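The values are calculated or read from the model by the stated rules, or taken from the named source; none is laboratory data. Predicted model only: the values in this text are computed from it and were never measured. All Cβ positions, even for glycine, are placed from backbone atoms using ideal geometry, and neighbour counts span all protein chains on display.
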Amino acid sequence: MEYGCPVCNGLTTLSLRCPRCAEIMEDGGSLDNYLGPYSPYEEHDLFHMVNNDGYVARCIHLVSCPNCGEDIRLGVQRIPL
Ligand SMILES: [Zn+2]
Ligand SMILES: [Zn+2]
């Protein structure tokens, strides 16, 4: 069974409030998108390796506040798709 991030797959959206100013924060996308420009396959292998260990990896999203610039990293639990 494949696991995937429900946010990246459009099943749900993040709607966090900024801890500083309570503005609704914007999902900047998965940190996967920010990783090295030349290793998409390496990363894919890592993902499967982690799953084979019985651990469901989290998809790390960079969430930022458009108002005050606060940003946090949010781990989204990957779910069976
Ligand atoms: Zn994601
Ligand atoms: Zn803010």
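Once the stretch 17-27 is narrowed to residues that are buried (at least 16 other Cβ atoms within 10 Å of the Cβ) and not charged (D, E, K, R), the residue that is farthest from ligand 1 (Cβ to nearest atom) is CYS18.
For the stretch 1-57, which positions are part of a helix (DSSP H, G or I) and either within 30 Å of CYS68 (Cα to Cα) or modelled with pLDDT of 60 or more (or both)? Selection gives LEU31, ASP32, ASN33, TYR34.
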